[in-house]
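See below for the structure under consideration.
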Amino acid sequence: MARTVRDALKGLAPQPLVRLVRWRREVWEDLRLRLLTDLGHVPSHRVRNFFYRRAGLRLPRTSSIHWRAEFYAPERIVVGQNTVIGDSVFLDGRSGLTIGDSVNLGSHVTVYTRQHAVDSPDFAEVGAPVVIGRHAWVASHAIVLPGVTVGEGAVVAAGAVVTKDVPPYAMVAGNPARFVRERSRDLRYELRYAKRFV
């Protein structure tokens with residue numbers, strides 16, 4: 001009901017006012033992302049994580065994000081327990097990003113949930129959620145593309161570009177990422193690693 005009233009009021013509003021409100025929202029979104037990026041240089045997990053949570057990122061106290069992280073739509077990112085996210089990562093939450101328990105994302109990992117449609121006449125965006133299962137390890141400089149599920153216990157090798165789902169306990173490498181071998185299923189570790197000033 002509230003949605004229809006809101007939509008009706010939007011329809012009655014003069015176009016200059018609608019454009020002004022849209023412009024203010026877009027400016028705030030860009031400024032918020034800039035502030036979160038700058039916050040990534042603060043040498044304190046406690047301070048960074050406090051503000052990341054205030055921005056909507058669901059981050060338990062047992063998990064850590066190292067410095068210089070960048071985000072799109074942090075309010076649509078969910079991080080599990082005992083997860084370590086390395087420095088200089090880029091996490092795109094626009095279409096939804098879920099990172100499971102005891103996951104290790106290496107330094108400079110990039111995860112996208114949206115991209116442009118190659119053949120779109122107006123360069124339209126398309127996207128789908130990304131899910132990274134528990135005990136997965138996405139190594140340094142890997143790229144995960146929209147709609148991918150990295151299965152439980154899976155390993156994405158350094159520099160790999162993941163364009164399709166990675167089965168549980170599989171190791172993939174290359175561009176595009178291809179199956180290399182199976183990983184042991186006996187994984188009992190919990191990650192609680194955080195460099196003090198990084």
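The values are calculated or read from the model by the stated rules, or taken from the named source; none is laboratory data. Just so it is clear, the structure is predicted and the values come from calculations on it, not from any experiment. As a convention, Cβ positions derive from the backbone with ideal geometry for all residues, glycine included, and neighbour counts pool all protein chains shown. Note: accessible area is taken over every heavy atom of the protein model, side chains too, but ligands, DNA and RNA are not part of it. Shrake-Rupley method; radii C 1.70, N 1.55, O 1.52, S 1.80 Å.
How big is the C-alpha Rg of the chain next to the rule-of-thumb value 2.2 N^0.38 Å, as a ratio? Compactness ratio reported: 1.15. Tell me the angle of helix 45-54 to the major Cα principal axis of the chain, expressed in degrees between 0 and 90 and rounded to the nearest ten. Helix 45-54 sits roughly 40 degrees off the main axis of the chain.
The residues of the range 121-198 present an accessible area of 59 Å² per residue when probed at 1.4 Å with all protein chains retained.
The listed residues Thr110, Thr163, Thr83 rank as Thr163, Thr110, Thr83 when sorted by accessible area, largest first, using a 1.4 Å probe. Residues Val111, Val27, sorted by accessible area with the largest first, give Val27, Val111 [1.4 Å probe; ligands and nucleic acids excluded]. The charge dipole of the chain, taken about its Cα centre with unit charges on the Cβ atoms of Lys, Arg (+1), Asp and Glu (-1) only, comes to about 700 debye. Using only Cα atoms, find the angle between the long axis of helix 2-12 and the longest principal axis of the chain, and express it within 0 to 90 degrees, rounded to the nearest 10. The two axes meet at around 50 degrees. Quick one: angle between helix 15-39 and the longest Cα principal axis of the chain, in degrees between 0 and 90, rounded to 10, please. The helix 15-39 is inclined about 30 degrees to the chain. Computed from backbone phi, the HN-Hα couplings of the range 88-104 come to 6, 7, 10, 10, 9, x, 4, 9, x, 9, 10, 10, x, 6, 6, 8, 10 Hz, rounded to whole numbers (Karplus: 6.51 cos²θ - 1.76 cosθ + 1.60, θ = phi - 60°; Gly and Pro given as x).
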